[in-house]
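To start, the structure itself, in structure tokens.
The values are calculated or read from the model by the stated rules, or taken from the named source; none is laboratory data. Everything numeric in this text was worked out from a predicted model, so none of it was measured. Because the Cβ atoms are built from the backbone with ideal geometry, glycine has one as well, and the counts that use them run over all protein chains shown. With ligands, DNA and RNA removed, areas are computed over all heavy atoms of the protein, side chains included. Shrake-Rupley method; radii C 1.70, N 1.55, O 1.52, S 1.80 Å.
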Amino acid sequence: MKFYKITKEDEELIKIALETLQRNFDDGIYHHTVGAALRCQSGKIYSGVNCDGIHGSCAEYITIGMAISAGEKDFDTIVAVHDNAPNFLVPPCGNCRQMLIEYCPNIQVILNDENNNVVKADIKDLLPLAWKPVPI
């Protein structure tokens, strides 16, 4: 798997995700425990939190949905954060990896490598041999 060094813009994206989580964290309720931030190719940044419950939705889903609802179609980098995670970074779950492959197959994800170094990786490397929609 190829890792990329993070940039100052990536550090800012992490900061935005953490600020979003801190503003919305539900201590004791746990409906909002993960924050995410997304940088689009346009330069716009969107952020959101997870919505937990019987059929909850991850912060990455919420954030991608916000960007798509605003008319964005081209995505650059995404990050998810939690207060207690190493470097505050949470890798996308399997469902999020599949969603990212389908909606933004060229996106990069900020996460920790196996030594807890902050890096970026292509989503394609995080879910090899992923199912892809069949053209109609």
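What to note about this one:
- For the chain, built as a Gaussian network whose Cα springs stay under 10 Å, the top-fluctuating residue of ILE54, ILE29, ILE14: ILE54
- Phi-based couplings in Hz for segment 48-56 (Karplus 6.51, -1.76, 1.60; Gly and Pro marked x): x, 10, 5, 10, 8, x, 4, 10, x
- Formal net charge of residues neighbouring VAL119 (Cβ-Cβ distance under 13 Å; K, R +1; D, E -1): -3
- Springs between Cα atoms under 10 Å define the GNM used for the chain, and in it the highest mean-square fluctuation of LEU89, LEU126, LEU38 occurs at LEU126.
- Using the 1.4 Å probe convention, the accessible area of segment 5-86 works out to 55 Å² per residue with neighbouring protein chains retained.
- Mean separation of Cα contacts under 8 Å, 6 or more apart, over the residue count of segment 1-54: relative contact order %: 31 percent
- Derived scalar couplings between HN and Hα for segment 121-130 equal 9, 6, 4, 4, 6, 7, 9, x, 6, 5 Hz in order, rounded to whole Hz, by the Karplus curve 6.51 cos²θ - 1.76 cosθ + 1.60 (θ = phi - 60°), x for Gly and Pro.
- In order along segment 28-37, phi translates into HN-Hα couplings of x, 9, 6, 7, 10, 10, 10, x, 9, 9 Hz, rounded to whole numbers, per the Karplus curve 6.51 cos²θ - 1.76 cosθ + 1.60 with θ = phi - 60° and x for Gly and Pro.
- Protein accessible area in segment 10-117, 1.4 Å probe - carbon and sulfur %: 48 percent
- Label-point separation, LEU129 to ASN87 (7 Å along Cα→Cβ), nm: 2.8 nm
- Where labels lie 7 Å past Cα in the beta-carbon direction, separation of GLU9 and ASN115 in nm: 2.7 nm
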